[in-house]
1. Hey, if you put +1 on the Cβ of every Lys and Arg and -1 on every Asp and Glu Cβ in the range 576-713, which of G662, P636, M617 ends up farthest toward the positive end of that dipole?
2. If you build the convex hull over the alpha carbons only and average its shadow over all orientations, what do you get for the chain? Give it in nm² to one decimal.
3. Would you mind checking K201/K276; K440/K746; K177/K201; K373/K568; K201/K560 for any pair whose Cα atoms are more than 23 angstrom apart?
4. With +1 assigned to the C-beta of every Lys and Arg and -1 to the C-beta of every Asp and Glu, and no other charges, what is the dipole magnitude of the range 608-744 about the Cα centre in debye, to the nearest 20?
5. Work from the charge dipole of the chain (Cβ charges, +1 for Lys and Arg, -1 for Asp and Glu, about the Cα centre) and give the residue of W505, G368, A409 farthest towards its positive end.
6. Just report the Cα centroid separation between the range 260-305 and the range 716-731, whole Å.
7. Quick check for you: which residues of the range 687-730 have the amide N under 16 Å from the point 7 Å beyond the Cα of E64 toward its beta carbon?
8. To the nearest 0.05, what FRET efficiency results for Y524 and D370 with a Förster distance of 41 Å applied to their C-beta separation?
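Here, each number is a calculation from the coordinates, and none is a lab measurement. What you see is a predicted model, and the numbers here were worked out from it, not measured in a lab. No Cβ is skipped: glycine too gets one built from the backbone with ideal geometry, and neighbour counts run over all protein chains shown.
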Amino acid sequence: MAEQVTRSICRFCNSRCGLLVTSEDGQLVRIEEDRKDPRVDMIFPPTKACVRLPAAKEYVYHPERVRFPLKRKGEKGENKWETISWPQALDEIAAKLGELVHKYGPESLAATGGTGRTILWPYKRFMNLLGSPNIVAQAMICFAPAHAPAAAMIGWPLRHRGHVRVQTGADGRPVTKCVLILGMDPSQARLRFWKSLRETKKRGGTKIIVVDPRRTQTAELADLWLQIRPGTDTALLLSMINVVIQEALYDAEFVNNWCYGFDPLKERVKDYTPEKAAEITWVPAEKIREAARIYATERPGISVHGMGTEHLENSQDAIQARIILAALVNNIDVYGGDGICGPSPCISEVEMELGRLLSPEQRSKQIGADRFKLLSWPGRELIWEQNRKYWGSECLTYALSHGPSLMRAILTGQPYSVRAVITQNSNPLVTFPNIKLVYKALKSLDLYVVKDFWLTPSAQLADYVLPTACWLERPELIGGQGLDNRIIGGEAALPAKVPGLHEHWTDYEFFRELGLRMGQSEEYWPWQTLEEAFDYQLAPLGLTFKQFMVQENGVHTIAKDEYEKHTKRGGFGTPTGKLELSSTILEKLGYDPLPRYVEPHEDPLSSPDLCKEYPLMLITGGRFIPYFHSEHRQIPSIRKRYPDPKVQIHPDTANELGIQDGDWVWIEGLRGRVRQRAELFDGIYPQVVHAQHGWWFPERPGEEPWLAGVWESNIDVLTDDDPDHCNTRSGGWPLKTALCKVYKCKEVF
Ligand code: SF4
């Protein structure tokens, strides 16, 4: 048979590169960059130098991939499985779920999802149709925290960080004059943005300011690096706002005409002098002033934050302060500044979720929503009400159940019984905080179903494990979500089902079949395949999915960017019609409408006694290539390149502790200890260590006590999930502030 070339989208990381996949008789032959993808030259290193992509064959044909539905044979965690058919798996799961729903109500089922390695709307559609509000997701600490405050304050989220670029004019000269980056290392996490920054640096004319406790590659590239004490971003930003107001560097005309809440803001920041902020943040006062002056005068500028900011106890205040700073100098929705894209012209993923069908009664049962209101139904309802009036459609903002509270509900039956969980291509036992508690919760369930590519540590606790089609085996459509001006698509390059070899199902197929078995109407699952669903989503463009892939080469650029939309529309899509520096939506939810700095709970200043036992500040979760979160540890070529987990520690601290570069060390905190290899690094404060996240060891036995090495180096053994320590508005848990001690392992590994 002749070779076949398919245009696909890679989902091994969030860069989502466009690729040409060559196959023959359904077998993968090679993968190349798609030179017709207009995004092809926007990435560094280019796709062809990517370290993950060459491992695609190892991934697809890996002997350890889950190929058929598996049913637990022994006790939970014994790693004993029976292969069953899809119809049997679906019938049994539907029957058991039906019993639980009958006994405890639909809210007794929760679902967990992770970073978008598959398409996320089908599981949310299923849950909404079932009547369960209990969707928990890593989005609560990644991605979602950025959108809700912006949507509340501006009326629509800002352009997503994955699509942010330094803008240049037709003459190649910089339009963007300043870039402020907080808690993010694009060299590891956002490769297109990284390329844009490198080019900016070469070209000149744009100032780069980086706020990060570590000297990352991005910090090295910056004109100004503010080495911040972990957890104190809000104090720094409030102080920058103080300088901008005190020195009258703000755009008075924009603020007077288009902003709401300037006077209370002025009052709030008056105490955050650079001198005071310097004590809190460890950033010298003069550097804070310099950063504020550069950002306010080199306009237009962009500001972007990463998970370093989203993982803070004080995350929402920091993000709100970042938006306020941008608004004061009129950097929002201007050419070369922070963009607002507005609704996507196709049917959005949010619409596909059918959240509107979840009744008010069921919404009100969402676990954690009475306390953490911004990223759950109460916040979404207030934001959507404004969206509908102003834009005529709803933006991407989340309605999530609170993960740590949900784990407690599973264990205690309070506020009600949660007895079943479906995990969709995520790995809560590796990526949730405080995994000892997560372990107990998952193990206690009446029904735990995991749909994944691999037998992960989480899957080892399941009753059923179901095989998932990877990106090469399924079509893809990413509709922009109103956060980018592009819609991108890719076709399935390889067969997901090969009789006798494997039966990988898309999530759409699984949730449709389960939904129908649970009595959900075919009216809500009208499409037999994912491609047919994409036809529906693309119908407003007058294209089918196939036509989209041929006529548009799989990339559709939404109408040219428009700027300063408030001037044409008579205001912003907020309750006051103004850009709200002081948020009336936050106020209505019962929160402080302005940002405020609060000292983290586990920190030398707030917990001096604890600090005697655990003297080091632990930050976790900085991105590192070649891995993508907890993925790819079982891929030989990737693992060979990066075999062990690493903890960065300052050489002076290491010297005091008798630790040498490469030594295995224990990192111990209040909740337990794990080991990683020491990496001596002088780009971190001596009082701070940074431990990698996402580590498990697929080569270890799957059964207990090993659970594929989940307890060995997984830093989420140490992280805090106490709801009292989560962000008061969003519920996000603190991954960047904990106390620990580090000491050399005496054992040999
Ligand atoms: S893994 Fe590589 S090819 Fe795939 S999306 Fe990421 S950068 Fe692109």
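1. P636
2. Mean projected area of the Cα convex hull: 30.0 nm².
3. With Cα atoms farther than 23 Å apart: K201/K276; K440/K746; K373/K568; K201/K560.
4. 420
5. Towards the positive end, the residue furthest out is W505.
6. 27
7. Answer for this model: 694-714.
8. 0.90
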